[in-house]
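Coordinate-derived values only; no laboratory data. On a predicted model such as this, the values are computed, not experimentally measured, just so you know. Note that we place each Cβ from the backbone using ideal geometry, even for glycine, and neighbour counts take in every protein chain shown.
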Amino acid sequence: MIKFLDLQKINAQYASELKVASTRVIDSGWYLLGNEVKNFETHLAEYVGVKHAIGVANGLDALRLILKAYIEMGIMAEGDEVIVPANTYIASILAISDNRLTPVLVEPDINSYNLNISLIEKHITARTKAIMVVHLYGQVCWGEELEALAKKYNLKIIEDNAQAIGAVGGSQSLTQAARKTGSLGDAAGFSFYPGKNLGAMGDGGAVTTNDDALATMVRALGNYGSKQKYVNEYQGLNSRLDELQAALLDVKLRYIDADNQRRREIAQYYIENIKNDKLILPIYNLSFTIHHFSHVWHLFVIRCTERERLQQYLTDNGIQTLIHYPIPPHKQGAYKEMNTVAFPITEQIHNEVLSLPMSPVMEWEEVKYVVEIVNNFN
Ligand SMILES: *Cc1c(COP(=O)(O)O)cnc(C)c1O
């Protein structure tokens, strides 16, 4: 059987280094807020190209803490609006509503599946304080138009970078300097959920930013609202990356570019060789270098109007697939107030998408087998 994602095989690549790192932490007697987290934060900040990286407990908390920090700093207040794509994993939206801010959902672009930047402006009101972009499936969502809107309306741009560590964006043209996701906006949330491109062996997350005040606030809020032990300036949370996960992530960070490159090669092979009129492949221009690096292929998502039959056919042929995601956030019980609002493009995407196996440890024979079976679907 071809697994959708073989986590055991992914981590086995680095097993000896991971074991050295975990033994070091176990033997150290120090498990929270120590040198392992500091090291990893330094390396992550260097990698992303930002001044600050702050380890937190998970990706949802990274986004929650950014917004909570803006509220504590007086930049946002309860009831303010944050624009967010309707087509995202629900965590992006939970981070907003958890802070008693109002998520304003905006439809995606049917070709990129990312937030349709040209639809944002008509959703901006006097209460809009931020735009949360999600680099969905690993593809950068950015543009000069977005930067101009943020400037014009004085909005923060928060990146949900849970799926796109290592992707490069920031400019539409080849001449402008490329920057990595996580450094494009005012602040970004990362997830190290085991299945993400940089996965921990448990939960983990991080916030990145160039904003000194925001970094200090996020760090305090993630540690009981405290900068100094037993002195609590704010009503914070306990949301910290632990030493063990930080040590493991620090090992894996060294290989993230190689892993992402392998994903790109597989994606390119899929795109060049899958030929089936019943399917829509990712619409993506691989010929430009800058575009090539603007996707890290966390997921390889195709569309099919007969999605259920396709998935069953692939299962019958030993190919495991997943759906990202089967129910859109606005149709969830968690957001009953939005259940009757229509987001037709989001709904179409949720009805048609299917994620093919994609990981840096897929063998070429497996990739070729997937292509052969998919091409024979009729
Ligand atoms: C995974 C994910 C999150 C949440 O990350 P966790 O570490 O699981 O809390 C947020 N947004 C998106 C787009 C994600 O894919």
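Here the chain carries DSSP beta bridges of which approximately 60% are antiparallel, counting only pairs with both residues inside. Spatial offset of segment 211-287 relative to segment 24-78 amounts to 11 Å, using the alpha carbon center of each. Using a cut-off of 22 Å between alpha-carbon atoms, which lysines can reach Lys9, once sequence neighbours fewer than 8 places away in the same chain are excluded? Result set, ordered by chain and number: Lys19, Lys196, Lys252, Lys368. Each peptide in 113-119, 247-253, 217-223 gets a packing score, the mean of other Cβ atoms within 10 Å over its residues, and the list from highest to lowest is 217-223, 247-253, 113-119.
Highest mobility in the GNM of the chain, judged by mean-square fluctuation with C-alpha springs under 10 Å and restricted to Asn210, Asn232, Asn58, is found for Asn232. Ellipticity at 222 nm from helices only: DSSP H runs of n ≥ 4 in the chain, each -39500 (n - 2.57), divided by the residue count, give -11000 deg cm²/dmol. For segment 308-378, chymotrypsin sites (Phe, Trp or Tyr not before Pro) meeting the loop criterion (DSSP other than H, G, I, E, B) and having at most 14 other Cβ atoms within 10 Å: none.
Under the criterion of Cα pairs below 8 Å and six or more residues apart, the relative contact order for the chain equals 22 percent. Modelled label positions at Asn238 and Asp316, each set 7 Å beyond Cα in the direction of Cβ, lie 5.2 nm from each other. If the chain linking Phe4 and Asp98 were pulled fully straight, counting 0.36 nm for each residue of separation and taking away their Cα-Cα distance, it would gain 30.7 nm. Length gained on full extension, Met201 to Glu17, computed as 0.36 nm times the residue gap minus the Cα-Cα distance: 64.9 nm.
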